[in-house]
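What follows is a structure written as structure tokens; I'll ask about it next.
The values are calculated or read from the model by the stated rules, or taken from the named source; none is laboratory data. Keep in mind it's a predicted model, so treat the numbers as computed, not measured. Note: ideal-geometry Cβ built from the backbone for every residue, glycine included; neighbour counts use all protein chains shown.
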Amino acid sequence: MPALQDAGRKGHRAQGMPLSGAMDPDAYRSANLLCGNHPDAVALELTLHGASLMAEAEVWLAHVGGGSLLYINDVPAPMGRLLRVAPFSLLTFQPAGRGCRSYLAMAGGFAAQIDLGSGSTYAPARLGGVQGRSLQAGDLLTPAAPGRVLTARTQLSIPIGPDGWGAATWGMDVRLDPATAPDTVRVLAGAEWEAFSTEARQAFLEASFRVHPDANRMGYPLQGPALAAQGLGSMRSTAVCPGTIQVTPGGTPFLLMSDAQTVGGYPRVAHIFSADLPACGQLRPGDDLRFVLGSISEAEEALEGRQQWFRGLEASVRCRFDA
């Protein structure tokens with residue numbers, strides 16, 4: 001079900017609180033930037049299946065990600081653009097053939113229940129979002145900053161058409177395509193990498209793994225060759241985080257995601273590059289995934305490249321709003 005998410009409940013992992021937040025931070029952040037929001041503003045995360053929303057007032061929106069396509073008054077709306085939507089317009093989200101999660105941002109951000117400094121929905125503890133749960137029929141979503149409006153020039157540049165909405169002529173660079181789930185991601189060797197046999201490590205890097213139907217916001221079980229760790233016995237629980245790949249006693253790799261626990265007792269075979277993890281939020285059950293072993297310097301370079309891209313996007317959007 002759709003749920004409100006932001007950049008996560010940061011600074012509380014020492015108390016055992018999961019990070020939560022958007023499963024694809026890149027798509028989420030892009031949608032917010034297109035609306036002129038702070039990158040950490042609360043947005044709506046939609047997973048695979050559709051939803052229907054009625055705009056009771058004029059709103060400015062952006063939709064970015066995979067898994068769903070936006071229709072406004074039964075007319076397809078472009079992704080990665082700032083949209084001006086007239087009052088009493090109907091927004092519907094239909095399944096898309098690629099990806100898993102999309103994000104709907106609204107100018108001013110969505111109001112949410114703030115718990116431990118975050119509006120992210122964490123349903124197991126009923127934190128954030130709308131009463132700590134996914135959206136239900138009849139819920140009313142309101143702007144977090146109702147007094148904040150886009151500049152008059154920006155508003156006039158996007159007229160509302162006969163279908164009850166209009167779209168900016170500018171949008172996101174196609175280089176960032178959140179609708180496409182990765183087929184290969186880069187990893188760093190985990191703390192227990194050497195505890196796995198040569199054969200197990202070779203299988204991890206050479207085999208293809210399939211996302212299990214039980215995948216959720218906590219993590220993805222991965223179907224493939226069993227990876228047996230040797231000589232570890234019973235491990236003490238130790239720190240884990242989103243992007244950690246643990247291996248269960250049965251040899252199943254488990255990729256931890258946004259709602260992952262803070263500690264775990266399974267060996268850590270690898271960690272996804274921080275720059276590659278957002279795209280993993282677009283994996284859906286049945287998708288195949290392969291791993292490539294990289295270095296810390298490569299991970300740092302990839303992360304800097306991602307941050308540089310967002311600095312460029314933010315500057316471009318700011319120029320449009322200030323023009």
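The rows are residues; the columns are (1) within 19 Å of the chain's Cα centre (by Cα); (2) surrounded by 12 or more Cβ atoms within 10 Å (Cβ to Cβ); (3) free of Cβ contacts under 8 Å to residues at least 24 places away in the same chain; (4) farther than 24 Å from ASP259 by Cα.
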{"site": "GLY286", "(1), (2), (3), (4)": "yes, no, no, no"}
{"site": "LEU289", "(1), (2), (3), (4)": "yes, yes, no, no"}
{"site": "ALA299", "(1), (2), (3), (4)": "no, yes, no, no"}
{"site": "ARG306", "(1), (2), (3), (4)": "yes, yes, no, no"}
{"site": "CYS319", "(1), (2), (3), (4)": "no, no, yes, yes"}
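Something else: Looking at SER120, SER89, can you tell me which residue is surrounded by 14 or more Cβ atoms within 10 Å (Cβ to Cβ) and either assigned by TED's automatic domain parsing to the domain that holds GLY281 or touching a Phe, Trp or Tyr at 6+ places or on another chain (Cβ under 7 Å) (or both)?
So the residue among SER120, SER89 that is surrounded by 14 or more Cβ atoms within 10 Å (Cβ to Cβ) and either assigned by TED's automatic domain parsing to the domain that holds GLY281 or touching a Phe, Trp or Tyr at 6+ places or on another chain (Cβ under 7 Å) (or both) is SER89.
Another question, if that's okay. Pairs under 9 Å by beta carbon, first residue not assigned by TED's automatic domain parsing to the domain that holds LEU70 and surrounded by 22 or more Cβ atoms within 10 Å (Cβ to Cβ) in the stretch 13-41, partner modelled with pLDDT under 95 and not hydroxyl-bearing (Ser, Thr, Tyr), six or more apart or different chains?
none
Report the residue count in the stretch 42-76 for those that are of a type in the set (Asp, Glu) and surrounded by 23 or more Cβ atoms within 10 Å (Cβ to Cβ).
The total comes to 1.
Restricting attention to the stretch 54-93, which residues are touching a helix residue (DSSP H, G or I) at 6+ places or on another chain (Cβ under 6 Å) and over 15 Å from ASN37 (Cα atoms)? Full working, then the answer.
Pass one, the stretch 54-93, residues touching a helix residue (DSSP H, G or I) at 6+ places or on another chain (Cβ under 6 Å): 62, 64-65, 82.
Listed by number, the list holds a single entry, GLY65.
Further question: Which condition does PRO278 not pass, out of (1) buried (at least 20 other Cβ atoms within 10 Å of the Cβ); (2) of a type outside the set (A, V, I, L, M); (3) in contact with a strand residue (DSSP E or B) (Cβ under 6 Å, 6 or more places away or on another chain), if it passes all the others?
(3)
Taking the conditions exactly as written (assigned by TED's automatic domain parsing to the domain that holds TRP193 and assigned to a loop (DSSP other than H, G, I, E, B)), does PRO221 satisfy them or not?
Answer is no for this residue.
Okay, moving on. Against the condition in contact with a Pro (Cβ under 9 Å, 6 or more places away or on another chain), touching a residue at least 12 places away in the same chain (Cβ under 8 Å) and over 18 Å from GLY171 (Cα atoms), how does ALA57 come out, does it pass?
yes
Taking GLY66, is it over 23 Å from LEU127 (Cα atoms) and not β-branched (Val, Ile, Thr)?
The answer is yes for GLY66.
Suppose we keep only residues that are among the polar types (S, T, N, Q) and assigned to a loop (DSSP other than H, G, I, E, B) within the stretch 271-323. Which one would you say is nearest to ARG153 (Cα to Cα)?
GLN282
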